[in-house]
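Asker: Let me begin by handing over the structure; questions about it come next.
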Amino acid sequence: MRIDVLTIFPGIFESPLRESLLGKAIERGLLDVRVHDIRDHATDRHRQVDDEPFGGGPGMVMKPAPIFAAVEALGGSPRLILLSPAGRRLDQALARELAGEPHLALICGRYEGVDERVAEGLPAEEVSVGDYVLSGGELPALVLLEAVTRLVPGVVGREESLERESFEAGLLDHPHYTRPREFRGMKVPDVLLSGDHARIEEWRRRAAVEKTRRHRPDLTGE
Ligand code: 9WO
C-alpha cells in the first residue's frame, strides 16, 4: 500500500514513521509512505503557501495552487483525503475501507484553514479524527495512518489482530492483567489463573460486554 503525505511540516512524521510497527512495516516493504513538503510546490520567490483570507479576518489561509501542484506531482490516482474537523468521522469501518485502497494521499492543513477549493476541486474528501480543533492536520494524519496501516495484511502479527476482534465486533476490549497476582490490594480475577481456557474465554466475552455497556453504551446501541 502506498500513502503520500502532503504537509508544510514533514519533520513531524519522521519519528512516528521510524519507530515501532509503522517503521517495521515500511522497512519490510509492506508500506510505501512518502512525505512531501507542500512548500516545494510554491512558485513565487518567497515560497509562500499561505495568503490573507478574502472577506477579511484574522490569520492566514493555505493557498490552493501549491496543494494542487503537490497532488499532481504524485502520479497515480490516489484517494485524496483532507484532514479536517468538518469531515466524516474516522472509525474502524472507515479505517477498514481505506486499508483496502492501493494508494492514499493525506493532505494536512495549517494556519486558520485551507482554501475551500482543495476539498471542492481536487476533490479531496474530508476526514475528521474527532470533534476538537488542532493547529494542523498532521497529528490526525498520523492517527489515520496508524489505524489504517495496522489493517494491511502482514503489518500486525496474527496474534495481535485476533486479540482486537472484539472492537471490530463493536465491543471494547476485555480487561487485561499481568503479574503480580495482587497489586496494592487489587487481585487478578481467579478465573484467569484457572488454566480453563473455555471459562477464560467466556469471562472475557462477558467482561467486554459489561465494560462496553458501562463506558460506551453508544457502541452497544443502548
Ligand atoms: C478547521 C475547521 C473548523 C471548523 C470547521 C471546519 C474546519 N476545517 C478546518 C481545517 O481544515 N483546518 C486546517 C487544519 C487548518 C487549521 C488547523 N487544521 C486542523 C485540522 N485543525 N484540526 C484539524 C482536525 C483534523 C481532523 N480531525 C480533527 C481535527
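The values are calculated or read from the model by the stated rules, or taken from the named source; none is laboratory data. Since the structure is predicted, the reported quantities are computational estimates derived from the model, not experimental observations. Every residue, glycine among them, receives a Cβ derived from its backbone with ideal geometry; neighbour counts consider all protein chains shown. Only protein heavy atoms, including side chains, enter the accessible area calculation; ligands, DNA and RNA are left aside. Shrake-Rupley method; radii C 1.70, N 1.55, O 1.52, S 1.80 Å.
Asker: So what is the orientation-averaged projected area of region 3-103, using the convex hull of its C-alpha atoms, in nm²?
Answerer: Details: hull surface 33.7 nm².
So the mean shadow area of the Cα hull is 8.4 nm².
Asker: Could you compute how much accessible surface F68 exposes when probed at 1.4 Å, giving the result in Å² to the nearest 10?
Answerer: 50 Å²
Asker: Still on this structure, please answer the following. Work out from phi, with θ = phi - 60° and the Karplus expression 6.51 cos²θ - 1.76 cosθ + 1.60, the ³J(HN,Hα) of each residue of region 44-60, listed in order in whole Hz, and give x for Gly and Pro.
Answerer: 3J(HN,Hα) across region 44-60, in whole Hz: 7, 6, 8, 6, 6, 10, 10, 7, 5, x, 4, x, x, x, x, x, 10.
Asker: With the full set of protein chains in place, find how many percent of the accessible area of the chain is carbon and sulfur; take the probe as 1.4 Å.
Answerer: 50 percent
Asker: Follow-up. Label points 7 Å out from Cα along the Cβ direction at F167 and M60: separation in nm?
Answerer: Output for this residue pair reads 3.7 nm.
Asker: Thinking of the chain as a set of Cα atoms, what percent of all their pairs are more than 29 Å apart? The partial results should precede the final answer.
Answerer: On the way: 9933 of 24531 pairs.
Distances greater than 29 Å cover 40 percent of the Cα pairs.
Asker: When ligands, DNA and RNA are left out and all protein chains stay put, how many square angstrom of accessible area per residue does the chain have with a 1.4 Å probe? Let's see the in-between values first.
Answerer: Numbers: 13480 Å² over 222 residues.
Result: 61 Å² of accessible area for each residue.
Asker: Could I ask something else about it? Measuring from centroid to centroid over Cα atoms, what is the spacing of region 24-56 and region 103-161 in Å?
Answerer: The two parts, judged by their Cα centres, are 14 Å apart.
Asker: Let me ask you something else. Give the ranking of R89, R179 by solvent-accessible surface, highest area first, calculated with a 1.4 Å probe. Kindly include the intermediate steps, with their values, before the conclusion.
Answerer: Working: R89 120, R179 215 Å².
From most accessible down to least: R179, R89.
Asker: Take every DSSP beta bridge with both residues inside the chain and express the antiparallel ones as a percent of the total, to the nearest 5.
Answerer: Details: 4 of 26 bridges.
Beta bridges within the chain, antiparallel portion: roughly 15 percent.
Asker: So, one more: Pulled fully out, how much extra length does the chain show between D40 and A69, if you take 0.36 nm times their separation in residues and subtract their Cα-Cα distance? Intermediate values should be presented prior to the final figure.
Answerer: Details: separation 29, 0.36 × 29 = 10.44 nm, distance 0.94 nm.
So the chain would gain 9.5 nm between D40 and A69.
Asker: Using the beta-carbon distance between R88 and R28 and R0 = 30 Å, what value does 1/(1 + (r/R0)^6) give for FRET efficiency, to the nearest 0.05?
Answerer: Working: r = 31 Å, r/R0 = 1.02.
That gives a FRET efficiency of 0.45.
Asker: Now a separate question. Given springs between every Cα pair under 10 Å in a Gaussian network model of the chain, which of R204, R184, R79 has the largest fluctuation?
Answerer: Result for the chain, Cα springs under 10 Å: R184 fluctuates most.
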